[in-house]
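Enquirer: Can you read through this structure? Questions will come right after.
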Amino acid sequence: MYTRILVPLENSPYDDAILDHVRTLARLCRASIILIHVADGWAARNLRQLDLRESEEMRADREYLTRTAATLEADGFDVDAVLANGDPAREIAEAATRERCDLIAMSTHGHRFFSDLIYGSVADGVRHKSDVPVLLVRGSKTHRPAAIPANAPQPPAPRAS
C-alpha cells in the first residue's frame, strides 16, 4: 500500500508515538522510511540568506536524526534522514514531493482549538500544503522509549535539503 513514508520529527518525546506506529506500518507495507527534522530557529531560518554556520541546536538535531535512523536500520528498515531548515509545514510538504513519498506520518500535540489559533499547527499546515495523504498520531510529552544503544550502527549523516 505505502512504499515511502515521510516521518517529520521534532526531537521531543512526541516523536515516540509516531515512530512506534510507523515501525508497524512500514514493516507491514515493506516501506522505506524518510525521517525529516525542520530546524526553524532564527539561525536555521536565515542560514542561507546570511551564510550562517549551523547552530548548536541544528547539530544536536542532526545527531538525533542520525541516532534515530541507526536504530531503525538496526531493526531492519530502509531509512534515510534529512535535516531541513525554514518553515516546517512548507519544508515537510516539499520533502514529501521531492522524496516521492506516498504517506506523511506525524505526531500531534493534541492542542485544543484556542492553542492552535494562537500558536498554529504544523500538522494543519502540512495538511493544507501537501497532496500526499497525512497520518496523524497523538503523541505524549512524557513517553520516551529505551535509550538508543551507543554501539548502534551509524548510517550516513543526514543530507541537507
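The values are calculated or read from the model by the stated rules, or taken from the named source; none is laboratory data. This is a predicted model, so every value here is computed, not measured. Don't worry about glycine lacking a Cβ; one is built from the backbone with ideal geometry, like all the others, and counts go over all protein chains shown.
Enquirer: Looking at (1) modelled with pLDDT under 85; (2) buried (at least 17 other Cβ atoms within 10 Å of the Cβ), which is the only condition S107 fails?
Expert: (1)
Enquirer: Which numbered condition in (1) in a loop (DSSP other than H, G, I, E, B); (2) at pLDDT 95 or above; (3) crowded, with 19+ Cβ neighbours inside 10 Å is the only one that G76 fails?
Expert: All conditions are met except number (3).
Enquirer: Where residues in segment 83-94 are among the hydrophobic types (A, V, I, L, M, F, W, C) and modelled with pLDDT under 95, which of them is nearest to A123 (Cα to Cα)?
Expert: If we take residues in segment 83-94 being among the hydrophobic types (A, V, I, L, M, F, W, C) and modelled with pLDDT under 95, then A89 is nearest to A123 (Cα to Cα).
Enquirer: Cβ-Cβ under 8 Å, sequence separation 6+ or interchain: first residue in segment 100-124 and of a type in the set (V, I, T), partner modelled with pLDDT under 55. Which pairs?
Expert: Nothing qualifies.
Enquirer: Considering only residues that are over 13 Å from C101 (Cα atoms) and either surrounded by fewer than 16 Cβ atoms within 10 Å (Cβ to Cβ) or among the polar types (S, T, N, Q) (or both), which ones fall in segment 30-39? Full working, then the answer.
Expert: First, pick out the residues of segment 30-39 that are over 13 Å from C101 (Cα atoms): 30, 37-39.
Across segment 30-39, the qualifying residue is only R30.
Enquirer: Follow-up. Check off (1) at pLDDT 90 or above; (2) in a loop (DSSP other than H, G, I, E, B); (3) of a type in the set (S, T, Y) for T97 and give me the number that stays unchecked.
Expert: All conditions pass for T97, except number (2).
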